Every structure is written in structure tokens, then in C-alpha cells.
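Beneath this line is the structure, given in C-alpha cells, with notes to follow.
The values are calculated or read from the model by the stated rules, or taken from the named source; none is laboratory data. Keep in mind it's a predicted model, so treat the numbers as computed, not measured. When we count neighbours, we look across all protein chains shown, and the Cβ atoms used for this are built from the backbone with ideal geometry, even at glycine. Surface areas here come from the heavy atoms of the whole protein model, side chains and all, with no ligands, DNA or RNA. Shrake-Rupley method; radii C 1.70, N 1.55, O 1.52, S 1.80 Å.
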Amino acid sequence: MPKVKIDGVELEVPAGITVLQACELAGVEIPRFCYHERLSIAGNCRMCLVEVKPGPPKPQASCALPVADKQEIFTTTPTVKKARNGVMEFLLINHPLDCPICDQGGECDLQDQAMGYGFDRSRFHENKRAVPDKELGPLVKTSMNRCIHCTRCIRFATEVAGVEELGATGRGESMEVTTYVEHALSTELSGNLVDLCPVGALTSKPYAFEARSWELSKTESVDVMDGLGANIRVDTRGAQVMRVLPRLNDDVNEEWISDKTRHALDGLRHQRLDRPYVRRGGKLVEATWDQAFAAIEAKLKGLDGSKVAAIAGDQCDAESMVALKDLMKALGSPNIDCRQDGAKLDGPRGSYIFNPGVRGIDSADAILLIGTNPRWESPVLNARLRKRYLSGQCAIASVGPAVDHTYPVERLGAGPATLRELVDGKLGFSEKLKTAKHPLIVVGMGALAREDGAAILALARDLAEKLNAVRADWNGFAVLHTTAARVGGLDLGLVPGEGGRDVEAILAGCEKREIELVYLLAADEIDTKRLGKAFVVYQGHHGDAGAHRADVVLPGAAYTEKPGTYVNTEGRVQLGQRAGYPPGDAREDWAILRALSERLGKTLPYDTLDQVRARLVAVNRTFAAIDQQAAGTWGVFGKAGTLTDQPFVSPIVNFYMTCPISRASRTMAECMASRAQLLAAE
């Protein structure tokens with residue numbers, strides 16, 4: 001390891017890093033605009049100048065300069081200070097005085113560094129240049145007069161998002177960052193451009209002129225828009241959620257979030273359930289909590305437990321699911337399920353989690369995608385797959401839909417027949433998986449949420465075991481979930497008990513009048529027409545499909561309005577925090593179930609959130625390990641059966657509208673219209 005001196009202090013640094021990174025290790029701040037830890041080095045802003053000996057007697061860009069043994073680095077000399085002053089003066093030649101009206105104000109790198117490293121006056125009096133704004137879609141607002149040509153946005157679009165749609169035209173003062181042919185960006189990660197922009201050239205269009213950063217209360221939480229569980233920060237002003245930003249977590253989402261995670265938040269303000277309702281005379285009318293509970297009590301009176309069923313939704317927290325399970329058990333009902341889509345998952349933990357973890361993708365050297373389109377099902381995880389592809393020496397193939405993954409994928413086939421050929425070693429990719437040190441097999445809900453899903457799961461297990469993808473030092477069997485509640489529900493055992501019914505059987509029972517009461521805990525992704533004449537209790541936060549069919553509506557809290565425990569696709573237990581309070585008479589979901597149980601004479605044995613979480617741990621010890629990925633046990637799972645010839649199809653056909661929140665979002669509707677317009681133009 002090379003030894004360097006930084007401002008007279010000697011330290012040992014890893015070989016191959018840059019001078020800028022060495023200075024950061026030493027705790028020395030180096031200003032920068034173009035450099036970003038997760039993007040390639042551009043070296044074009046020149047703000048990170050330092051003096052280095054031995055070397056030419058001039059300031060050098062530290063972001064592009066590798067460290068060398070016995071190197072001396074100077075960051076505070078008069079020459080360095082004068083050089084940085086000069087660079088800042090040049091950057092501000094054409095920059096407009098927009099700070100009072102710029103949405104980046106208060107969290108702008110240019111603003112901060114001009115104060116810390118800039119000159120107190122400008123010697124340039126020429127007219128400032130004018131650059132036309134660009135149309136990048138409904139999420140990113142442009143003010144290109146402010147652009148300082150750091151090219152972060154270009155590099156992100158090309159390297160991380162995988163859509164080579166941004167670039168630069170012209171040279172010098174005539175340079176412009178543009179899409180060449182003007183159109184909306186065709187990526188599900190475009191909102192991250194706003195975080196990357198060090199000035200106010202790219203800002204959030206839905207958030208424009210809404211609030212200043214210092215007005216907002218900031219709460220760390222977890223995303224529930226897909227199964228990844230991206231770490232987020234929810235910014236609120238009063239009771240209103242103003243924006244959602246990513247938090248750094250290298251094990252999960254690095255520092256990216258999807259556009260749906262970031263911008264579906266306006267759906268939290270529309271179509272909300274804020275008071276109980278009871279159906280009378282064919283219409284839902286407002287009621288008190290006592291009246292709503294009385295209606296449920298009257299229906300349950302004398303009703304056998306076998307005629308009662310419950311379905312948990314895709315965004316439920318673990319606290320509400322364990323309360324629902326305990327209530328159904330108290331009522332004597334084995335009919336409970338958390339798999340709205342009918343996924344055939346019910347085995348040891350290793351059969352339904354992303355065993356290698358998201359970070360394990362970085363180690364994989366052969367990847368097989370089965371029945372999944374990760375670009376829509378988990379855009380941030382898909383960016384991680386692209387990152388692995390870019391690092392080289394990783395073959396990627398798919399059995400499933402033909403889609404643009406943003407990286408080259410060898411499409412082996414469309415359905416179960418191809419998977420059988422892989423198991424039998426009839427395809428060349430079988431050998432690549434077999435010879436790989438860390439093979440990764442990703443199974444999606446497009447393969448498991450179908451009639452032959454159990455047989456496909458068994459086939460995928462056979463493939464993993466045959467190709468040595470599951471061993472003591474590596475488990476490359478990975479299930480990619482599309483929903484935030486699925487793994488937590490399976491960990492808690494929200495599957496049919498002995499003689500119980502799954503979702504399909506519950507709906508069939510409703511049609512045959514064998515099920516007389518169905519409790520929908522924020523379950524909106526089922527065919528509500530099949531509920532027949534059953535008495536439906538819907539508990540949730542939006543007036544979506546479940547509420548329209550309900551006979552009793554109990555208003556719950558959205559994920560930003562309650563503390564909750566969620567388990568992501570890799571089996572990592574994470575805590576979401578309350579950023580605001582539910583509207584009107586709405587309450588936290590576990591508290592509603594606890595109050596209902598008392599009214600029914602089946603009082604659940606917990607009164608506080610801590611007691612509910614103690615119950616979680618009692619049911620499954622996994623819930624005691626917060627922010628850790630607990631290993632999954634391996635065993636026999638799946639069932640032998642007849643495979644159909646139907647090709648695998650991704651369960652997500654519209655990325656922007658997959659849940660009650662996103663369906664209520666006007667911003668997501670605009671994104672959908674923009675994408676449709678883009679596809680029509682192609």
C-alpha cells in the first residue's frame with residue numbers, strides 16, 4: 001500500500017485510488033462538481049485542484065490523478081486557493097442569479113462551494129449565454145441556463161440507467177446537454193438525475209416551487225412500492241408528504257430509487273379513506289367506528305370459522321399481518337393468505353427469498369433470469385444487474401419475456417420447456433452456470449404466480465442443486481418479489497392452515513357461497529367480482545378496488561403514516577418510521593385489528609407497538625435482527641406436476657400503476673401517458 005503525505009500528515013492508502021479519494025480518507029475536504037463515487041471519472045469541472053509533488057509545478061485535478069508511493073499532496077496552499085477561486089469565477093460567468101427562485105436553493109453544491117471556495121467578485125461583464133430548456137418528461141424540470149457541464153446526468157443515464165439518450169452537442173460556450181431528438185427519458189430511474197445535478201439545471205417538476213428544504217421535517221423510512229425495500233427519506237411539511245428521497249445503503253439500493261418510489265407520493269393525498277363506512281341499501285354511507293364494528297360483529301355472530309377468510313395485501317406491515325393472523329386463529333378460521341397473485345410459495349425460507357442478497361449480485365459470474373422483467377419489477381435491482389454486466393466477465397441469459405433489460409441478455413426461450421432443457425443440460429448456458437464460481441438463478445413471479453408455479457419452483461430448485469448453485473459458501477437461488485409485504489407474510493405464516501383455503505380457493509368459495517365473510521387487509525389486487533355475495537370487510541387507506549366492493553370499510557394508515565416492519569425480497573427486516581399521521585378517523589392497522597378483536601370478544605394479547613413487535617419475534621426470530629439479512633433454510637420445496645406450454649409473462653404490465661397509491665397519483669398518470677406517447681412515436 002502506498003504511503004502519501006497530505007498537508008504534511010503521512011498515511012497509508014489503498015493502491016489504485018485517486019488523490020481525491022486519498023484526501024477523503026484523511027478527512028480533508030476536496031470541492032468537486034463532476035466527480036461522483038458511482039460514476040466514471042470525467043475530470044472536466046477542475047474544481048478539485050491540488051498541488052502534488054513530485055509532478056509539474058501546477059495545480060492538478062485530484063479526481064483523475066492516481067496516488068503513488070511517497071507522494072506529497074497539498075490542498076491549502078495559496079496556489080490551490082487561487083486556482084479554485086479562478087475555477088469558480090469561470091463557472092459563474094454564465095450562471096444566472098436564480099438562487100432566490102431556484103428549487104435547488106439550500107441544497108445546491110454550487111451555492112455551498114461558491115461560499116467556501118469562491119471569489120468575492122467577478123471580473124467578467126460580458127452578456128450571459130442563453131440556453132433553451134429541454135423537455136425530459138413529466139418528472140425532470142430543466143433550466144439549462146444554470147448548467148455547468150459537469151456531465152453527471154449524461155454519465156448516469158448511460159452507465160446506471162442504461163438509456164443512452166442524454167449527451168452533449170457543441171463545444172465550449174456552445175455546448176448543450178440534450179436528448180438530441182427531444183423526448184421524455186425512457187428510464188424508470190430518471191428522478192435520480194435531480195439528486196445528481198450539483199446546480200439547479202435539473203430539478204423535480206412535480207415538486208417545483210412547493211417548499212424549501214429547511215421547511216421540511218425529515219424522516220428515515222423504507223419504500224413499499226416494490227419488493228426491494230429501498231431506504232428512503234420522507235420529507236413532510238405539517239401533515240403533508242412533500243417529497244421522497246433516497247438514503248444511502250450499499251446493501252440494498254446504494255443511493256438510487258425508482259421514479260414510482262420518488263413521485264407516486266401525490267397519490268397519498270387523493271382518494272383517501274378517512275372515516276368508516278357501512279353499506280346500507282346498496283350504498284356505502286359514513287359511520288362511526290362503533291357502528292362499523294357492530295356490523296362486523298353481527299355478521300360473525302354464530303358464523304363457523306370455516307366460512308370466514310382473510311387476504312393480506314401487498315403493502316401491509318408485519319405488525320398488521322400478525323394481528324390479522326392471530327384474529328383469524330381466534331375466530332377458528334384456517335383460510336388466510338398473503339399471496340394475492342397466487343404465487344406458489346410455501347416452503348422453507350430459502351425457497352422464497354433472494355438468498356445471495358442484493359450485494360451478492362456483485363459476485364455473480366453467470367446469471368439466469370426465469371420469468372422476470374427486473375427492469376419493471378425492481379428498477380434499482382435491475383441497475384445493480386447492469387452494474388455487474390459492466391464490470392465484465394458475467395454471462396446473463398433469460399427464460400421469459402423478450403424485453404429491453406438495459407444490458408445484453410441471451411434469450412434462451414419463453415417458457416417451462418426451455419427451463420426443462422436447462423435442467424437436462426441440453427442448452428449451452430447450462431455449462432456456463434455449471435462452470436461458474438457464483439451462479440445466480442433469479443426466479444420471478446411471472447414463473448411462480450401461475451397454475452404450474454409449484455412445478456416450476458421444483459424445477460428451478462433442481463436446476464440450482466444440479467449446477468451447484470447452492471452450497472455451503474454460496475446460495476445462488478434467488479426469488480425476486482414484486483411486493484413489499486410478501487416475504488414478511490410468508491415469514492409469519494400467512495398461508496392456509498390445515499384444511500384452509502388459499503386466495504384462489506377463497507374466491508371460488510365465495511362464488512359457491514361456502515365463504516360468507518372475507519376480510520381484506522389492504523388487498524386490492526384480486527378479482528373483486530369473484531367475491532360474490534360474501535360479506536366483505538375492507539381495511540385500507542385508499543378507495544380502490546377493495547373498498548368499492550366492501551360492505552364495511554375501516555380506514556387504515558399508509559406506509560408514511562405509521563411505524564411498520566417490512567421484510568424485503570432478500571429477507572432483510574427493515575423498519576419504516578411515521579412521517580405524518582393518517583387523515584380523519586383513520587388509524588394504524590394493527591390497532592384497528594386489536595380494537596375489533598376486543599369487540600368480538602377475542603381480545604388479542606397486546607396493547608402497544610412494542611408488544612406487537614415482541615409477538616413478531618415470538619412467531620419468527622428473524623424479526624429480531626433489524627437491518628440484517630437472515631439466511632434462509634434450504635430443503636425440499638415445490639411440487640412435481642404437469643407443466644403447461646404457456647410462456648412466462650411478467651406480472652407487471654404497467655410499471656407506473658401497481659398499487660392503490662400509484663393508481664391515485666396524477667404524476668404517475670402523466671408518466672404513463674408520456675411513455676405511451678413515446679412508444680407511439682417509435
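Points worth noting:
- Residue that is farthest from the chain's Cα centre (by Cα) [pool: residues in the stretch 87-113 that are open to solvent by less than 20 Å² (accessible area, probe 1.4 Å) and within 22 Å of F124 (Cα to Cα)]: E89
- Taken over the stretch 148-189, residues that are over 29 Å from the mean Cα position of the chain (by Cα) and not small (G, A, S) amount to 9.
- In this entry, A508 passes the filter for residues that are open to solvent by 20 Å² or more (accessible area, probe 1.4 Å) and either of a type in the set (A, V, I, L, M, F, W, C) or outside any loop (DSSP other than H, G, I, E, B) (or both).
- Of residues in the stretch 182-218 being among the basic types (K, R) and in contact (Cβ under 8 Å) with a residue 60 or more places away in the chain, the one surrounded by the fewest Cβ atoms within 10 Å (Cβ to Cβ): R212
- Test for P78: is it more than 27 Å from S204 (Cα to Cα), free of Cβ contacts under 8 Å to residues at least 40 places away in the same chain and surrounded by fewer than 14 Cβ atoms within 10 Å (Cβ to Cβ): yes
- Check on T622, assigned to a helix (DSSP H, G or I), polar (S, T, N, Q), surrounded by 17 or more Cβ atoms within 10 Å (Cβ to Cβ) and within 25 Å of the chain's Cα centre (by Cα): yes
- Candidate set: the stretch 57-107, residues that are β-branched (V, I, T) and in contact with a Phe, Trp or Tyr (Cβ under 7 Å, 6 or more places away or on another chain); chosen: the one modelled with the highest pLDDT: V80
- For the residues V649, V636, the requirement of being touching a residue at least 24 places away in the same chain (Cβ under 8 Å), in contact with a helix residue (DSSP H, G or I) (Cβ under 7 Å, 6 or more places away or on another chain), part of a loop (DSSP other than H, G, I, E, B) and β-branched (V, I, T) singles out V649.
- Selection within the stretch 631-660 - touching a Pro at 6+ places or on another chain (Cβ under 6 Å), open to solvent by 20 Å² or more (accessible area, probe 1.4 Å) and hydroxyl-bearing (S, T, Y): T633
- Qualifying residues in the stretch 465-494 (those that are small (G, A, S) and crowded, with 24+ Cβ neighbours inside 10 Å) - the one nearest to A414 (Cα to Cα): A478
- Within the option set E570, E514, being surrounded by fewer than 24 Cβ atoms within 10 Å (Cβ to Cβ) and in contact (Cβ under 8 Å) with a residue 24 or more places away in the chain holds for one residue only, E514.
- Leading residue by the ranking (surrounded by the most Cβ atoms within 10 Å (Cβ to Cβ)) among those in the stretch 152-181 that are of a type in the set (K, R) and touching a Leu at 6+ places or on another chain (Cβ under 7 Å): R152
- Members of the stretch 1-37 that are outside any strand (DSSP E or B), surrounded by fewer than 16 Cβ atoms within 10 Å (Cβ to Cβ), of a type in the set (D, E, K, R) and touching a residue at least 24 places away in the same chain (Cβ under 8 Å): D7
- Criterion violated by Q611 - all others in (1) among the polar types (S, T, N, Q); (2) part of a loop (DSSP other than H, G, I, E, B); (3) over 26 Å from I353 (Cβ atoms) satisfied: (2)
- Filter result (open to solvent by 20 Å² or more (accessible area, probe 1.4 Å) and small (G, A, S)) within the stretch 52-75: G55, A64, A68
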